[in-house]
Amino acid sequence: MTPFQKLVYDKLKEVPRGRVTTYKALTEAIGSKAYRAVGNALKVNPMAPQVPCHRVVKANGSIGGFMGFKTGPAIDKKIKLLATEGVQVEKGIIQNFSSKLHQF
DNA sequence: GCGCTTATCGCAC
DNA sequence: GTGCGATAAGCGC
């Protein structure tokens, strides 16, 4: 694991249940502008359940992707999980996104 | 409003 | 040293 990834995971773990964050917010929170590098860090996420990578979305509120896939049954499952937590997702777009967005 | 291009940072090869 | 990526923001049409 790289130091950068550690920062990403640590910050991501600050996001409570029922909340989401964006690559932009997360990246700036760790003091960097490598949005794509953050996405890559989540992709190789070694602690999937611990690090809620499904709570990280794009700046416009869309899921963007998950584990390297933009669509698929796995995505739908995570979306369902998010719905259980209180975050409603419609076709990969966070509903009431502004209110669900967690601020560091 | 939609689509394309440029900017940026960290990591792997 | 070069290229790539789960992005972001700006510009042109």
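Every number in this text was worked out from the coordinates using simple rules, so none of it is lab data. Keep in mind that this is a model prediction, so the values were computed, not measured. So basically every Cβ, Gly included, is an ideal-geometry build from the backbone, and we count neighbours across all protein chains shown.
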Exercise. Only one of these conditions is not met by A:Ala37: (1) within 10 Å of the chain's Cα centre (by Cα); (2) of a type in the set (A, V, I, L, M); (3) within 13 Å of DNA strand B (Cβ to nearest atom). Which number is it?
Worked result: (1)
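Among the candidates A:Ile63, A:Ile79, A:Ile93, which residue alone is in contact with a Gly (Cβ under 7 Å, 6 or more places away or on another chain), in contact (Cβ under 8 Å) with a residue 12 or more places away in the chain, over 20 Å from A:Lys11 (Cβ atoms) and surrounded by 13 or more Cβ atoms within 10 Å (Cβ to Cβ)?
Residue meeting the stated conditions: A:Ile93.
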For this session: Return the total of residues in segment A:1-24 being over 10 Å from A:Pro52 (Cα atoms) and within 15 Å of DNA strand B (Cβ to nearest atom).
Result: 13
Seminar exercise, completed: Of the residues in segment A:24-48 that are farther than 12 Å from A:Leu12 by Cβ and more than 7 Å from DNA strand C (Cβ to nearest atom), the one that is surrounded by the fewest Cβ atoms within 10 Å (Cβ to Cβ) is A:Gly31
For this session: Name the residue, out of A:Val87, A:Val56, that is under 16 Å from A:Lys11 (Cβ atoms) and among the β-branched types (Val, Ile, Thr).
Result: A:Val56
